[in-house]
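Input: a single structure, listed below in structure tokens.
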Amino acid sequence: MTSPGLHVRGTARIGDTHVFGPLDLTVAGGEWTCLLGPSGVGKTTLLRLVAGLDRVTTLDGQIAASDGKPLQGRLALMAQSDLLMPWLDVMGNTLLGARLRGERPDRHRATDVLARVGLSDHIHKTPGQLSGGQRQRVALARTLMEDRAIVLLDEPFSALDARTRSQMQDLACDLLAGRTVLMVTHDPTEAARLGDTILIMEPGGLSPFAPPPGATPRPIDDPATLTAQADLLTRLRNSAA
Amino acid sequence: MKNWLSILASTVFGLALWQAVVTLTVPPSYILPAPWDVAETLWTARGQIAHHSLYTMGEVLLGLVLGAALGALSAIGLASSPLAQTLLRPMMVFSQAIPVFVLAPILTLWLGYGIWPKVIMALLIIYFPVTSAFFDALMRTPVPWLDLAQVMGANRRRVMWHIRIPAALPGLASGLRLAAVYAPIGVIISEWVGASQGLGYLILLALGRVKVDLMFATTIALAVFTLLTYAAVDHFCRHWLDAPTE
């Protein structure tokens with residue numbers, strides 16, 4: 001699968017109030033781009049604009065895929081909250097997209113995807129019977145079922161404990177390989193482990209941060225990754241000041 | 001178990017209080033009969049009470065089913081269409097300013113003395129609580145769920161069916177619980193206005209003959225019946241509509 005890249009350029013505002021920009025964001029096709037920055041700088045707004053969900057903010061500029069085709073129908077979204085429907089079991093939640101589009105639910109594929117996220121033994125449980133990590137695995141399975149070229153991640157692992165989070169990072173990196181991923185995160189470790197490209201968003205725009213060498217997901221104890229993580233944190237502390 | 005003990009204790013306490021009032025004030029039996037006399041009447045008139053209960057029960061259940069169905073459909077219709085909201089919501093709220101009871105004579109005039117004015121009365125009295133509770137819940141679907149559905153490429157009808165309605169069922173449940181308590185009120189009022197069967201009719205009949213013990217016995221039967229209706233609806237709601245416990 002060759003996934004298209006993503007290009008966002010312009011200034012965002014709500015009415016006359018400036019939100020962010022001018023910025024010029026290029027997300028390379030088939031790669032993982034991490035977006036960090038201080039709270040309130042507009043990272044999530046940017047993601048929602050790309051997803052076509054923001055009805056309040058106006059972007060004076062453009063959002064486009066590198067292949068020139070419309071973005072609609074080629075995006076999947078995974079948020080901080082797992083957004084599982086409490087009345088559906090794991091299988092039902094995994095098949096939600098197909099149901100909502102009126103397509104025939106592909107149970108075989110869903111079973112396969114659920115096996116890949118390690119939930120084979122939990123297919124008929126409801127979200128209430130799962131741990132936080134398991135719930136995010138279901139959300140990941142649901143995202144994979146969408147089979148979209150571009151995946152938007154809005155801090156999907158930030159509510160998880162450190163151990164589960166690092167496992168989810170490995171899993172997501174493996175399963176989303178080949179897709180164009182734009183991930184908003186607050187976690188320098190996450191960015192240092194997963195980013196093919198790392199960008200820091202500030203009120204003035206975007207600045208690149210050189211990612212550590214090595215294939216993603218980079219090991220948690222890799223010295224270069226640890227150094228990059230510390231440097232990132234330093235950068236963020238300075239930019240927030 | 002503790003629950004049942006509490007109900008039992010409360011019943012015994014209520015009966016004791018009643019008996020105490022009778023013992024201390026010695027009212028004439030046509031004003032306040034003693035608990036024991038009422039119990040005796042409840043037994044001796046059981047056939048009569050059961051016969052009239054059947055009518056009232058049928059009317060209440062029919063009114064409940066029709067009112068709940070109509071209320072639920074209206075809520076879905078309103079939630080699906082901003083135009084319907086603009087046109088109908090104010091009218092619905094205004095209609096609530098009319099005490100439903102004043103419609104009982106008109107309904108009897110139009111529909112006669114059979115079960116239908118009672119059923120319609122129950123329907124009218126529960127329609128608004130059901131519609132309103134379900135509609136409010138339908139309008140409160142968590143926005144992130146709707147966003148997710150939009151990114152997934154869902155159309156509005158499917159979002160309604162697969163997300164908004166299931167998410168709003170606990171709201172419908174609270175409307176139905178209210179309805180279970182309201183429906184018997186509507187039926188009894190309507191039976192007072194014009195009926196030849198039913199517990200409301202029996203109460204008026206007993207009043208005319210100054211059979212106060214029978215009035216009390218009928219009232220107790222009606223209260224028990226209302227509690228049973230509530231319990232049944234509550235059970236249904238717990239099983240089918242309430243939010244899964246997390």
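The values are calculated or read from the model by the stated rules, or taken from the named source; none is laboratory data. Please read these numbers as outputs of a predicted model, since none were measured by experiment. Note that each Cβ is placed from the backbone with ideal geometry, even for glycine, and that neighbours are counted across all protein chains shown. The protein model used for the area step is the full one, side chains on, heavy atoms only, and it has no ligands, DNA or RNA in it. Shrake-Rupley method; radii C 1.70, N 1.55, O 1.52, S 1.80 Å.
For the range B:143-169, which residues drop by 50 square angstrom or more in accessible area between the chain on its own and all protein chains together (1.4 Å probe)?
When all protein chains are present, B:W145, B:D147, B:L148, B:Q150, B:V151, B:M152, B:R158, B:H162 each give up 50 Å² or more of accessible surface.
Over the alpha-carbon set of the range B:33-241, divide Rg by the Kirkwood Rh and report the Rg/Rh ratio to two decimals.
Details: Rg = 20.5 Å, Rh = 18.7 Å.
Value, to two decimals: 1.09.
Report the one residue of B:P144, B:L62, B:M92 whose Cα lies farthest in the direction of the positive end of the charge dipole of the range B:33-241 (charges on C-beta: Lys and Arg +1, Asp and Glu -1; origin at the Cα centre).
In the range B:33-241, that residue is B:P144.
What is the helix-to-structure angle for B:199-208, meaning the angle in degrees between its Cα long axis and the longest Cα principal axis of chain B, kept from 0 to 90 and rounded to the nearest 10?
Roughly 30 degrees, rounded to the nearest 10.
Set the Förster distance to 22 Å, then compute FRET efficiency between B:W4 and B:R46 from the Cβ-Cβ distance, nearest 0.05.
Values: r = 24 Å, r/R0 = 1.10.
Calculated value: 0.35.
Take the alpha carbon atoms of the range A:178-241, find their center, do the same for the range B:1-33, and report the distance between the two centers in whole angstrom.
When both Cα centres are located, 75 Å separates them.
Relative to the present Cα-Cα distance, how much length would full extension add between B:D136 and B:W110 at 0.36 nm per residue of separation?
On the way: separation 26, 0.36 × 26 = 9.36 nm, distance 3.32 nm.
Using 0.36 nm per residue and subtracting the Cα-Cα distance, I get 6.0 nm.
Span-like helices, chain A: DSSP H, alpha-carbon axial extent 18 Å or more, mean Kyte-Doolittle 0.5 or greater, which ones? Mind showing how you got there, number by number?
On the way: long enough: A:132-146 (22 Å, -0.55); A:162-175 (20 Å, -0.64); A:223-240 (26 Å, -0.09).
Span-like helices here: none at all.
For the range A:96-171 and the range B:106-163, what is the centre-to-centre distance using only Cα atoms, to the nearest Å?
33
Taking 7 Å along the Cα-to-C-beta vector as the label spot, tell me the B:Q85-A:S158 distance in nanometres, rounded to one decimal.
Each label point lies 7 Å from its Cα, and together they span 3.0 nm.
Return the loop-located chymotrypsin sites (Phe, Trp or Tyr not before Pro) in the range B:1-87 (DSSP other than H, G, I, E, B) with at most 11 other Cβ atoms within 10 Å of their own Cβ; answer none if there are none.
Those that pass, being in a loop and sparsely packed, are B:Y30.
How big is the protein assembly as shown along each principal axis, measuring the range of its Cα positions in Å and listing the largest first?
For the protein assembly as shown, the Cα spread along each principal axis is 98, 49, 49 Å.
Which FRET efficiency value, to the nearest 0.05, is calculated for B:V143 and B:T219 with the Förster distance at 56 angstrom and r the Cβ-Cβ distance? Walk me through the numbers before you get to the answer.
On the way: r = 49 Å, r/R0 = 0.87.
It comes to 0.70.
What's the long-distance tail for chain A, i.e. % of Cα pairs beyond 31 Å? Please report the intermediate quantities before stating the final value.
Working: 6627 of 28920 pairs.
That tail contains 23 percent of the Cα-Cα pairs.
Taking accessible area as the heavy-atom solvent-accessible surface of the protein chains with a 1.4 Å probe, which residues of the range A:100-141 lose no less than 50 Å² upon going from the isolated chain to the full protein assembly?
Residues shielded by partner chains are A:L100.
Angle, helix B:46-80 long axis vs. longest principal axis of chain B, Cα atoms, 0 to 90°, nearest 10?
Computed tilt is about 20 degrees.
If you roll a 1.4 Å probe over the protein assembly as shown with all protein chains in place, what percent of the accessible area is carbon or sulfur? Intermediate values should be presented prior to the final figure.
Details: 15250 of 24020 Å².
Carbon with sulfur: 64 percent of the solvent-accessible area.
Where does helix B:35-44 land angle-wise versus the long Cα axis of chain B, in degrees 0 to 90, nearest 10?
In chain B, helix B:35-44 runs at an angle near 80 degrees to the longest axis.
Return one whole number: the accessible area per residue of the protein assembly as shown in Å², for a 1.4 Å probe.
49
Taking H placed 1.01 Å from N in the peptide plane, check which residues at least 5 places from A:A76 or on another chain put their amide H under 5 Å from its amide H.
Answer set, sorted by chain and number: A:I150, A:V151, A:L152.
If I take R0 = 45 Å and measure r between the Cβ atoms of A:D221 and A:T26 in this structure, what FRET efficiency does the formula 1/(1 + (r/R0)^6) give, to the nearest 0.05? The partial results should precede the final answer.
Numbers: r = 31 Å, r/R0 = 0.70.
That pair, A:D221 with A:T26, gives E of 0.90.
At 0.36 nm per residue, minus the direct Cα-Cα distance, what do B:T25 and B:F13 gain on full extension? Give it in nm, one decimal, please. Display every interim value, and only then the final one.
Values: separation 12, 0.36 × 12 = 4.32 nm, distance 1.82 nm.
Full-extension gain reported as 2.5 nm.
Using the Karplus curve 6.51 cos²θ - 1.76 cosθ + 1.60 with θ = phi - 60°, work out ³J(HN,Hα) for each residue of the range B:3-10 in order, rounded to whole Hz, and write x for Gly and Pro.
With coefficients 6.51, -1.76 and 1.60, one gets 4, 5, 4, 5, 4, 4, 4, 5 Hz.
What accessible area, summed over both chains, is buried at the B-A interface (1.4 Å probe, Å², nearest 100)?
Working: alone 14700 and 11270 Å², together 24020 Å².
Summing both sides, the interface buries roughly 2000 Å².
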